[in-house]
Amino acid sequence: MYKFVLNLISFGLLLAVLLVAGIFIWFRTYGFDIPDYKSLATYEPPVTTRLYAGDGQVLMEYAVEKRIFVPENKIPDLVKNAFIAAEDKHFYSHPGIDFLGITRAVLTNFKNYAQGRRMVGASTITQQVAKNFLLSSERSLTRKVKEAVLAYRISKAFSKEHVLELYLNEIYLGNRAYGVAAAALNYFNKGLDELSIEEAAYLAALPKGPNNYHPVKKYDAAVARRNWVIGRMNEDGYITDEEANTAQEKPLKTVERKFGYLEDSEYFSDEVRRLLAKSLGEEAVFEGGLMVRTTINPELQKLATQTFRRGLMNYDKRHGYRRTGLKVDLTGDYQAALKKVELPKGAEKSWKKAVVLSVANDKAVVETSDKLNGEISLKSLSWARKTLKDQRISEAPKKVSDVLQTGDVIYVEQIKDGVFELRQVPDVEGAMVVMSPHNGKILAMVGGFSFDKSQFNRATQAYRQTGSTFKPIVYVSALEAGYSPTDLILDAPFVLDQGPGLPLWKPSNYSKGFSGLTTLRQGIEKSKNLMTVRLAQDLGMNKVSEMAKRLGVMDNLPELLSMSLGAGDTRLIDMTTAYSAFVNGGMKVSPYLIEQIQDRFGKSLYKNNDSHCLGCLAAHYSDDMAVPEITDDRPRVLDEQTAYQMVSILQGVAVRGTGARLAQLKRNLAGKTGTTNQNKDAWFIGFSPDMVVGIYVGFDDPRTLGRIETGASAALPIFYDFMKEALKDKPDLEFRVPEGIRFVRVNPKTGKPAGLDDKVVITEALKSNFRFDDTQRVIGDDGTSMLDDDNEGGFGLGEEY
């Protein structure tokens, strides 16, 4: 009986081999419907595109398949040997098909079939390449025959090294990793050349089914399969007995690689992605393996995100608590119900979802979704007022039940053990941009409160009215046209006839008061609407419109006087860039986020280079050679003396004007507040000698921020907090003064040289061609105004608080 079974098996084996050989010979001679394998000669798989921060950190990755392509000659022998031992022992000797392996598989499968065990395969690495690249995964004899024919042809057409390169870069190894390089990173956070024997063996164990050998969920199976690979490596002579025993005794240790990359950079990264897709196409971004070096400064980005979010939360808390209306039934499994409730997106990482278990007059007891219990005190709820129409402010709650009810699902933040505070995601939005005024390099960008909540980038995509942050455009136009900071402008009621059928236009100051004749400087420092309108009328709105275009604020500003008060729409990034020309001495810069783009092979596709160095390419230098010169290719848009005069005036804003709070920092800072009609948007654009920061706060559906909210209350505090930390422990640099500027002590009310009896004196920056003996320009006065007619308390704080 035994002999009969043995003969039967031998006959079956011979028949199977003859059948496969016959089919192979037939297909080799008359092969039909076989895909063209020649495309494998120029293999360019979908490869991960990586964005890098200015300091080299990985900012973000974009990919259809997470893959890092590595040429065969750069893959360590240890890794190659591990996969060959596990998958294809005779890889270097067979013609793409391992007939000995097929014979072994047939015998094994007879045995496995009799014992009810899983069948084994005999696919070579070359066959797997044929299947993965050129065929489907269907289970059929036709596909297996095509696979064999292709494997033979591939083996004849390409070197073993090229086939191995295709295989090791294409194969899926689980954990979102395609190819061995990505797998080494995702499982061990190592490069291929850093892998140990046991780590390389584990990666080689995965092709048979990554889910079957999960390093945590199926640890024992993973270790057993890894050790089997180590044993095969030892049998094939790749490692010694001692190395094998040592490797097999080691535990399987993988790392949980974080895929968040640089924290708080989502808006910046997504803007780079959009720029890449626009210029190179979506396919290049997600499959091209680009290496993109960006301008982002990780420290400033983190700080910008933190201060901006805190600023929006502070505004939000001033205007009360919006009940979510979400509740769970406490009589059942409330923890299960709590986990299913979805609160608004955008929560801070330290916040937790919680349910209110009980409410007393002075406290509420809550339990978080991770089963932490604690209390919320009435005192901590003092901000949680009832929300009112038009963002008006109501009375503080008198008892906890005015705010919370049993069963409410809320956000909380743990302050200490057993103590929580109520939190809510702001519904107000905004944006923030930090850039270098000297070259336009974007150092940080925040496009909204939370990228999870909204991917709309308000720094680059939102067009908003600018309010008084536009006024410097008007005033710098005047300074360029020959006006002086000491000129006088009438601050008094203004009425404009707009034409038949239209109402009279009657702009007003924010405070509704008037100051009479006032210096041009104070028109900016105190943000005087009426003075600005008169100046624009005297100057001509055509010049203001031309300046707005020249500085990149907007290309076609309507030549209407209302536009001088910031009624036109533009983007935050454009307004911030315009202010850069003041700081850098009048040069135009273009904002940019990308320093360099390289393709998968390291070839440079784009490089941002604003200057050219004459002589920098010399092979060597000697003492008698001229120092290399860096040329400045930036176009000039303002005379440098005009630009500095605007810097000086905006410094006044930060010292005694609408931004006077900044004086507390005791730093050389300048900037301008802005508040639009009906307080719908609050702006602040400010700068130090080497950094410009733009901020706006407003609802996505434009509505009032509240009667008390202005640029000084909603946007300026964000700038203050940011600069306080960004400039900490850094020298307080002076603004660069161009040649020819004269500093003269003047009376700020009259604009005349200061006398011995003047009690208030400032230092005014005047151009080299200015003379006090020239006639002082007076705008809008018919001779009846009095210089000391100041209804707003003299030379002090300005219009917006």
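The values are calculated or read from the model by the stated rules, or taken from the named source; none is laboratory data. These figures come from a predicted structure and were not determined experimentally. All Cβ positions, even for glycine, are placed from backbone atoms using ideal geometry, and neighbour counts span all protein chains on display. What goes into the accessible areas is simple: the full protein's heavy atoms, side chains included, and nothing from ligands, DNA or RNA. Shrake-Rupley method; radii C 1.70, N 1.55, O 1.52, S 1.80 Å.
Here region 135-240 has 47 percent of its accessible surface on carbon and sulfur atoms, given a 1.4 Å probe and all protein chains in place.
In a simple Cβ point-charge model (Lys, Arg +1; Asp, Glu -1; nothing else charged), region 137-260 has a dipole of about 820 debye relative to its Cα centre.
For the peptides 502-514, 443-455, residues were scored by their other Cβ atoms within 10 Å and the scores averaged per peptide; the highest-first order is 443-455, 502-514. For region 508-569 and region 679-708, what is the separation of their C-alpha centers, rounded to whole Å? Centre-to-centre distance over Cα atoms comes out at 18 Å. Phi angles across region 390-397 convert, under the Karplus curve 6.51 cos²θ - 1.76 cosθ + 1.60 with θ = phi - 60°, into 3J(HN,Hα) values of 6, 6, 6, 9, 9, 6, 5, x Hz, Gly and Pro given as x. Shown here for region 376-434: GluC sites (Glu not before Pro) in loop regions (DSSP other than H, G, I, E, B) with at most 13 other Cβ atoms within 10 Å, namely Glu395. If the segment from Glu263 to His90 were pulled out straight at 0.36 nm per residue, it would be longer than the present Cα-Cα gap by 57.6 nm. Amide H contacts of Lys327: Val409, each under 5 Å away and 5 or more positions distant or on a separate chain (H built 1.01 Å from N in the peptide plane; Pro and chain starts excluded). Between Asn556 and Phe456, the contour length at 0.36 nm per residue exceeds the Cα-Cα span by 33.5 nm. The simple Förster model, with R0 at 45 Å and r as the Cβ-Cβ distance, assigns Glu249 and Asp362 a FRET efficiency of 0.15. Treating each Cα of the chain as an identical point scatterer and summing with the Debye formula, the log10 of I(q)/I(0) at q = 0.07 Å⁻¹ comes to -0.73. Run down the lysines and flag those whose C-alpha is under 25 Å from the C-alpha of Lys724, throwing out any fewer than 8 positions away in its chain. Partners found: Lys302, Lys317, Lys349, Lys441, Lys526, Lys666, Lys672. In a simple Cβ point-charge model (Lys, Arg +1; Asp, Glu -1; nothing else charged), the chain has a dipole of about 2640 debye relative to its Cα centre. Against the empirical curve 2.2 N^0.38 Å, the C-alpha radius of gyration of region 392-532 lands at a ratio of 1.64. Peptides 196-209, 698-711 ordered by packing proxy, namely the average of other Cβ atoms within 10 Å per residue, highest first: 196-209, 698-711. The helix-based estimate of mean residue ellipticity at 222 nm for the chain, built from -39,500 (n - 2.57) per DSSP H run of four or more residues and divided by its residue count, is -10500 deg cm²/dmol to the nearest 500. The fraction of accessible area contributed by carbon and sulfur in region 323-443 is 49 percent, rounded to a whole number (1.4 Å probe; ligands and nucleic acids excluded).
Excluding same-chain neighbours fewer than eight residues apart, the lysines reachable from Lys156 by a Cα-Cα span under 30 Å are Lys38, Lys74, Lys80, Lys89, Lys131, Lys144, Lys146, Lys208. Would you please state the base-10 log of I(q)/I(0) at q = 0.18, 0.21, 0.22 1/Å for region 251-368, with intensities from the Debye formula using one equal scatterer on every alpha carbon? The calculated log intensity ratios at q = 0.18, 0.21, 0.22 Å⁻¹ are -1.10, -1.23, -1.28. Estimated at 0.36 nm per residue, the fully extended path between Lys218 and Ala626 surpasses their Cα-Cα distance by 140.0 nm.
Filter the cross-link list Lys506/Lys749; Lys512/Lys728; Lys549/Lys767 down to pairs whose alpha-carbon distance in this structure exceeds 30 Å. In this structure, Lys512/Lys728 exceed 30 Å between Cα atoms.
What a 1.4 Å probe finds exposed on region 687-777 is 50% carbon and sulfur by accessible area, rounded to a whole percent. Among the trypsin sites (Lys or Arg not before Pro) within region 717-756, those in coil by DSSP and having at most 15 neighbouring Cβ atoms inside 10 Å are Lys728, Arg736. Translational diffusion of region 222-318, estimated by Stokes-Einstein from the Kirkwood radius over alpha carbon pairs at 20 °C in a medium of 1.002 mPa s, is 115 µm² per second. Positive-end ranking of Ser380, Gly447, Val778 along the dipole of the chain, with charges on Cβ about the Cα centre, is headed by Ser380.
For region 546-687, the calculated P(r) over all alpha carbon pairs, in 5 Å bins from 0 to the bin holding the longest distance, is 2, 8, 12, 14, 17, 13, 10, 9, 6, 5, 2, 1, 0, 0 percent. Considering only alpha-carbon pairs that sit under 8 angstrom and 6 or more positions apart, the relative contact order computed for region 522-611 is 18 percent. Could you name the aspartates and glutamates whose alpha carbon sits less than 16 Å from that of Lys730, not counting residues in the same chain fewer than 8 places away? Counting by Cα, and skipping residues close in sequence, Lys730 has these aspartates and glutamates nearby: Glu299, Asp690, Asp721.
Over region 695-777, the alpha carbon radius of gyration divided by the compact-protein estimate 2.2 N^0.38 Å works out to 1.69. Rounded to the nearest 0.05, the FRET efficiency derived from the C-beta distance between Ala663 and Asp729 at R0 = 30 Å is 0.90. Sorting the segments 769-778, 293-302 by their residues' average number of neighbouring beta-carbon atoms within 10 angstrom, most packed first, yields 293-302, 769-778. Of all beta bridges that DSSP places with both ends in the chain, some 90 percent have antiparallel geometry.
Based on protein heavy atoms only, the chain ends up with 47 Å² per residue of surface accessible to a 1.4 Å probe. The trypsin sites (Lys or Arg not before Pro) of region 344-447 that DSSP puts in a loop, and whose beta carbon has at most 14 other beta carbons within 10 Å, are Lys345, Lys349, Lys371, Arg392, Lys398, Lys399.
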